[in-house]
Amino acid sequence: MEKFIIRGGIPLKGHVEICGAKNAALPIITASLLTGETVVIKRIPKVSDVFTLLKVLKTIGCNYFWKDDSLTIDSSSITSTNAPYELIKKMRASYYILGPLVARFKKAKVALPGGCALGTRPVDLHIKGLTALGVKVEIEHGYVSCKAKKLKGHRIMLKGPHGPSVGATINVMMVASLAEGITVIEEAAMEPEVIDVANFLNKCGAKIKGMGTPIIEIKGQKKLKGIDYSIIPDRIETGTFLLASAITKGNVTVNKCLPEHNLALLTLLREYGVGIHEDKNNIRVSPPKTVKPLSIHAAPYPSFPTDLQPLMVALLSVTLGNSTVVETIFENRFMHVPELIRLGADIKMIDRYTAIIQGVKQLSGAPVMASDIRASAALILAGLVAKGETHISRIYHTDRGYDHIEKKLKKLGAKIERVSDPTAP
Ligand code: EPZ
């Protein structure tokens with residue numbers, strides 16, 4: 001096991017290039033299975049969630065090879081439609097192979113992904129959508145077993161208790177692309193990653209419209225073809241470096257990003273007090289003269305994203321005054337709070353969805369533990385400004401969503417090292 005050792009107090013300066021979006025890459029990799037042909041996907045981030053998903057594809061008979069950040073996948077000789085629990089349990093997004101396997105082979109058996117640090121992470125909306133399209137779904141012994149004689153389009157409302165579902169919207173879109181007739185998804189997720197998957201499928205020959213709005217219409221096709229495609233930039237990695245610049249009062253330019261995917265964050269950062277200078281594919285953050293506490297409401301896109309909520313809590317922990325952060329998507333997405341408190345933050349949870357933050361002048365370095373991808377990013381940001389040394393353990397969580405984040409931070413002047421962790425159990 002490894003850990004990060006960070007020495008705080010250095011304002012970040014310089015340029016950082018953004019990778020392709022992990023949460024677009026994962027479903028687009030699985031969507032390539034729909035074609036049964038060779039697909040070349042450019043700008044794939046080299047993060048462990050991608051490597052885990054590729055192991056699942058290999059297990060079912062897909063071949064693939066890398067050339068820089070471009071991935072070529074050949075799904076012409078799939079030998080199995082079963083995905084084992086050993087791999088699925090490592091990465092929730094493996095449920096994305098359910099749709100393409102059912103759509104192409106009319107059967108699939110995929111382990112239930114199970115919960116994670118963020119909560120129970122149900123898949124009932126995925127099952128509701130597939131069932132509406134004619135898939136017979138059974139859950140037995142921890143597996144979702146699917147069979148379908150014929151896939152037929154249908155009108156489906158896909159909103160859950162916490163709003164639309166990114167994963168369920170994408171899974172239904174993939175199956176509907178090869179179903180007979182028209183499918184309409186109501187209360188669809190509008191995230192940029194959903195739009196990117198729809199654009200990929202349309203380039204393969206699908207007929208999808210309305211992506212990015214609450215109503216998506218899919219006209220099923222008989223076959224989809226192999227293509228070349230380039231993934232959108234990662235808006236959460238973009239937000240990570242914008243917030244890293246803000247918390248260290250630095251001067252960072254984020255290159256190869258899409259500012260329009262981060263409008264909610266950019267609006268909040270301007271209100272907070274940092275300078276934001278943007279053009280088509282770049283955003284520069286300049287240090288604030290004065291900063292002010294904020295009221296944050298993490299909700300489905302285009303609202304402020306839940307994936308940046310932990311990082312925003314870190315920033316507000318060192319912003320004098322009273323801030324409020326409300327999380328509306330995941331029932332357990334404040335795992336970073338007890339760890340930030342170990343660094344000296346003053347945060348009170350008034351219920352499982354609401355944090356009240358009293359900003360402090362200075363955090364102090366200490367050993368802390370990562371619990372999920374974005375909680376670990378929040379601890380890194382806190383470590384960048386804490387007095388002294390912060391040791392962050394279980395950074396395999398970080399590596400699931402960031403490609404060696406420490407290398408990019410070091411290039412911006414941060415004092416951060418990745419070392420082996422002798423204390424790890
Ligand atoms: C995607 O997860 C992202 N992951 C998450 O990013 C992101 O936080 C989330 O969307 C919300 O934007 C990937 O794309 C791989 P949902 P997903 O289905 O699709 C409930 C990261 O750090 N729900 O939109 O799993 C669910 O419990 C990760 O990169 C049901 O009730 O999220 C949650 O409360 C973390 N039933 C809400 O909906 C279902 O069948 C939104 O979940 C499915 C979801």
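Bear in mind these aren't lab numbers, they're just calculated from the coordinates by the rules spelled out. As the structure is a computational prediction, the values presented were derived from the model and not from experiment. So basically every Cβ, Gly included, is an ideal-geometry build from the backbone, and we count neighbours across all protein chains shown.
Helical content alone sets the calculated 222 nm signal of the chain at -9000 deg cm²/dmol, taking -39,500 (n - 2.57) per DSSP H segment of four or more residues and averaging over every residue. When DSSP beta bridges are restricted to pairs lying wholly in the chain, around 70% turn out antiparallel. Extension gain, PHE65-ILE341: 0.36 nm per intervening residue step, less the Cα-Cα distance, totals 95.0 nm. For region 288-302 versus region 1-46, the spacing of their alpha-carbon centroids is 25 Å. If you fit an axis through the alpha-carbon atoms of helix 235-247 and take the longest principal axis of the Cα set of the chain, what angle between them do you get, 0 to 90°, nearest 10? Between the helix axis and the principal axis of the chain, the angle is about 0 degrees. Computed on the chain, with alpha-carbon pairs under 8 angstrom and 6+ residues apart, the relative contact order is 21 percent. Which FRET efficiency value, to the nearest 0.05, do you get for LYS361 and LYS89 by plugging their Cβ-Cβ distance into 1/(1 + (r/R0)^6) with R0 = 35 Å? According to the calculation, E is roughly 0.25.
Scalar couplings 3J(HN,Hα) for region 207-223, obtained by applying the Karplus form with A = 6.51, B = -1.76, C = 1.60 to θ = phi - 60°, are 10, 10, 9, x, 4, x, 10, x, 10, 10, 10, 10, 9, x, 10, 6, 8 Hz; x denotes Gly and Pro. On a per residue basis, the convex hull of the C-alpha atoms belonging to region 22-230 measures out at 102 Å³.
Compared with the direct C-alpha span, the chain from LYS292 to ASP279 gains 2.2 nm at full extension, assuming 0.36 nm per residue. Taking the convex hull of the alpha carbon positions in region 5-67 and averaging its projected area over all directions gives 6.4 nm².
Potential lengthening of the chain between GLU260 and LYS225 amounts to 9.6 nm, from the contour at 0.36 nm per residue minus the alpha-carbon distance. Projecting label points 7 angstrom from Cα along Cα→Cβ for SER145 and LEU320 puts them 6.5 nm apart.
A simple spin-label model places the labels of VAL184 and ARG352 3.5 nm from each other, with each point 7 Å out along Cα-to-Cβ. Distances between every pair of Cα atoms in the chain, grouped in 20 Å steps from 0 to the bin holding the largest one, split as 27, 56, 17, 0 percent. Within region 315-392, DSSP assigns beta bridges of which about 75% are antiparallel (rounded to the nearest 5). Would you mind classifying region 209-313 by shape? Square roots of the alpha carbon gyration tensor eigenvalues, ordered a ≥ b ≥ c; an a/c under 1.5 is rounded, otherwise it is prolate if a/b is larger than b/c and oblate if not. In terms of gyration-tensor shape, prolate. Using R0 = 25 Å, the C-beta based FRET efficiency linking LYS415 and MET1 works out to 0.70. Counting only residues at least eight positions apart within a chain, or on another chain, the lysines with an alpha carbon under 20 Å from that of LYS348 are LYS292, LYS361.
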